[in-house]
Amino acid sequence: QSKFDIAGYCEVAKHYDYIWFEMQHSTLEFKDVEAMIAACPHVAAIPMIRLPDAQEWHIQHATDIGVLGVIIPTVDDVDRAREAAKWARYPPRGRRSSGQGQAASLWGINRENYRQTIDDNMLVVIMIETPTGVANAFDIASVAGVDVIIVGNNDLSQFSGYPQTDERYQQMIAKIHDDTLRAGKIFGQANAMYATGHP
């Protein structure tokens, strides 16, 4: 979801498991996403948001408005992955502050106990999109609090200089896949052709 459209969002969200709010490459603002989530919070799709980075204030805003997952792009190393995991969950697992916002009124058991339940329901998704990230894939995937690793296919091709048909590109995909599973995490793909990690 890359534009502010409450009616369109609520209709689309009926048909999917999750909605990816795009804040890396769109003009959406937190108040726009907040309004869309508030309009129909209990449709089928859970709200997730791709942020431009792993900064504390971005992740705190996202979680306060009620997202149930954050997607962090272009992760090259363990430090950025740790930042993402750290700010998405409450202590003692993370460093999220008590905050405010609409999240606590939307989620939890019967809309109560949000603070006690959200850590088990927050999804932290890390995108690997560079050869440096590929080299560090196992360490990134091993970070406590990181749940899913996905590949940014087009950017990995751009950063590596290899077309997606190149064997060297496909070897990078396979490495990310294998390292992610070895770390006990979930591997995901933007391109279904690489869903198994081994084209």
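The values are calculated or read from the model by the stated rules, or taken from the named source; none is laboratory data. A quick note: this is a predicted structure, and the numbers were derived from the prediction, not measured. Positions of Cβ are generated from backbone atoms using ideal geometry, with glycine treated the same way; all protein chains shown enter the neighbour counts. Calculation scope for accessible area: heavy atoms of the full protein, side chains included, ligands and nucleic acids excluded. Shrake-Rupley method; radii C 1.70, N 1.55, O 1.52, S 1.80 Å.
If you take the residues of region 103-126 that are within 15 Å of Ile59 (Cα to Cα) and among the hydrophobic types (A, V, I, L, M, F, W, C), which of them is surrounded by the most Cβ atoms within 10 Å (Cβ to Cβ)? Applying the filter and picking the extreme gives Ile126.
So if I check each of Val33, Val43, Val70, Val75, which one is touching a Phe, Trp or Tyr at 6+ places or on another chain (Cβ under 8 Å) and either open to solvent by less than 60 Å² (accessible area, probe 1.4 Å) or in a helix (DSSP H, G or I) (or both)? Lay out the reasoning, then the answer.
On the way: Val43 fails: touching a Phe, Trp or Tyr at 6+ places or on another chain (Cβ under 8 Å); Val70 fails: touching a Phe, Trp or Tyr at 6+ places or on another chain (Cβ under 8 Å); Val75 fails: touching a Phe, Trp or Tyr at 6+ places or on another chain (Cβ under 8 Å).
Of Val33, Val43, Val70, Val75, the one residue that is touching a Phe, Trp or Tyr at 6+ places or on another chain (Cβ under 8 Å) and either open to solvent by less than 60 Å² (accessible area, probe 1.4 Å) or in a helix (DSSP H, G or I) (or both) is Val33.
Kindly indicate the residue of region 1-24 that is assigned to a loop (DSSP other than H, G, I, E, B) and in contact with a strand residue (DSSP E or B) (Cβ under 8 Å, 6 or more places away or on another chain) and also least open to solvent (accessible area, probe 1.4 Å) among those meeting that condition. Let's see the steps before the verdict.
From region 1-24, those assigned to a loop (DSSP other than H, G, I, E, B) are 1-5, 16-17, 23-24; that's our starting set.
Cutting the leftovers down to in contact with a strand residue (DSSP E or B) (Cβ under 8 Å, 6 or more places away or on another chain) gives us 1-2, 17, 23-24.
Values: Gln1: 54, Ser2: 66, Asp17: 127, Met23: 26, Gln24: 50 Å².
Ranking the qualifying residues of region 1-24, first place goes to Met23.
In region 84-102, the condition of being touching an Asp or Glu at 6+ places or on another chain (Cβ under 7 Å) and open to solvent by 60 Å² or more (accessible area, probe 1.4 Å) is met by at least one residue.
Take region 141-171 and flag every residue that is touching a Pro at 6+ places or on another chain (Cβ under 7 Å) and assigned to a helix (DSSP H, G or I).
Here is the first cut: in region 141-171, the residues touching a Pro at 6+ places or on another chain (Cβ under 7 Å) are 152, 157, 159-160, 169-170.
Within region 141-171, Ser157, Phe159, Ser160, Tyr169, Gln170 meet the criteria.
Does Asn110 fit the bill of being of a type outside the set (A, V, I, L, M) and at positive phi? Lay out the reasoning, then the answer.
Numbers: of a type outside the set (A, V, I, L, M): yes; at positive phi: yes.
In short, yes.
Scanning region 172-186 for residues that are open to solvent by 70 Å² or more (accessible area, probe 1.4 Å), touching a strand residue (DSSP E or B) at 6+ places or on another chain (Cβ under 8 Å) and either assigned to a helix (DSSP H, G or I) or among the acidic types (Asp, Glu) (or both) yields a total of 1.
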